[in-house]
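Below is one structure, written out as structure tokens; the observations come after it.
The values are calculated or read from the model by the stated rules, or taken from the named source; none is laboratory data. Because the structure is predicted, anything quoted here is derived from the model rather than measured. FYI the Cβ positions are ideal-geometry reconstructions off the backbone, even for glycines, and counts take in every protein chain you see.
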Amino acid sequence: MRLLPIVIVALLFAGSCKPPVYAPKPTGYFMIDTPERHEYRLFDSPGFPYTFEYPVYAQVVEDTLSHKAERQPYWINVYFPSLGGVINITYKEITNEQPFMTLVQQSDYLSFSHHEKADDIRSSVYRISGRNVSGIVYTALGNAATRYQFTATDSVKHFLRGALYFNVTPNVDSLKPATDFVEQDIRHVLETIKWR
């Protein structure tokens, strides 16, 4: 009779010792802290053929990412250190050697070259009345390397192109807070571009 409780306890222990069942954890993403509000300052570098307002939480630096042979004057990068992002801005003067339609076709080609990874690429034309600025904003849906690309031009002398990149493997879900936040900054840049 005294052995019965010991046998029952031993059987309970033996029956409860099963190897743990593996359960994978769901994919998670780091939380991206965006600045509390959008604030801007003027980019007005001497000798540059354009000016615009850019976010106070960003830094404008000369382009050093492009291959040295293709790098041009007036190419800059707008860095977002807290978000790990950058807007690459290139500028070309419209000339007989670089006509307007050639620059537009090159920009289209560069924007639509992301079609293999993108689910869709949408383009929308815009015009800023009163300042002779117009262009196209390209939005790539899905896991493309760049979500937003844009052009700004006066169709006569100035042609500016920009593309937003993040320093991570593209994942539309994890980057959504950052891309949604920077989209407003891109629109502000386009709304404030002035030619010299």
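Condition check ((1) in a helix (DSSP H, G or I); (2) loosely packed, with under 15 Cβ neighbours inside 10 Å; (3) hydrophobic (A, V, I, L, M, F, W, C); (4) out of contact with any Ser or Thr (no Cβ under 8 Å at 6 or more places or on another chain)) across all residues:
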site: 141; (1), (2), (3), (4): no, yes, yes, yes
site: 163; (1), (2), (3), (4): no, no, yes, no
site: 169; (1), (2), (3), (4): no, yes, no, yes
site: 181; (1), (2), (3), (4): yes, no, yes, no
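Give me the residue from the stretch 126-145 that is of a type outside the set (A, V, I, L, M, F, W, C) and at pLDDT below 90 and, out of that set, farthest from the chain's Cα centre (by Cα).
Checking each candidate, the answer is 130.
So for the stretch 183-195 (the condition being among the charged types (D, E, K, R), more than 20 Å from residue 112 (Cα to Cα), in contact (Cβ under 8 Å) with a residue 12 or more places away in the chain and not in a helix (DSSP H, G or I)), does at least one residue qualify?
yes
Just a yes or no: is a residue in the stretch 89-108 assigned to a strand (DSSP E or B) and either among the charged types (D, E, K, R) or loosely packed, with under 11 Cβ neighbours inside 10 Å (or both)?
Yes, there is a match, as at least one residue in the stretch 89-108 is assigned to a strand (DSSP E or B) and either among the charged types (D, E, K, R) or loosely packed, with under 11 Cβ neighbours inside 10 Å (or both).
Of all residues in the stretch 114-139 being among the small types (Gly, Ala, Ser) and exposed (fewer than 14 other Cβ atoms within 10 Å of the Cβ), which is farthest from residue 104 (Cα to Cα)?
Applying the filter and picking the extreme gives 130.
Looking at the stretch 150-196, which of its residues are of a type in the set (Val, Ile, Thr) and more than 15 Å from residue 48 (Cβ to Cβ)?
Selection gives 151, 153, 156, 168, 169, 172, 179, 182, 186.
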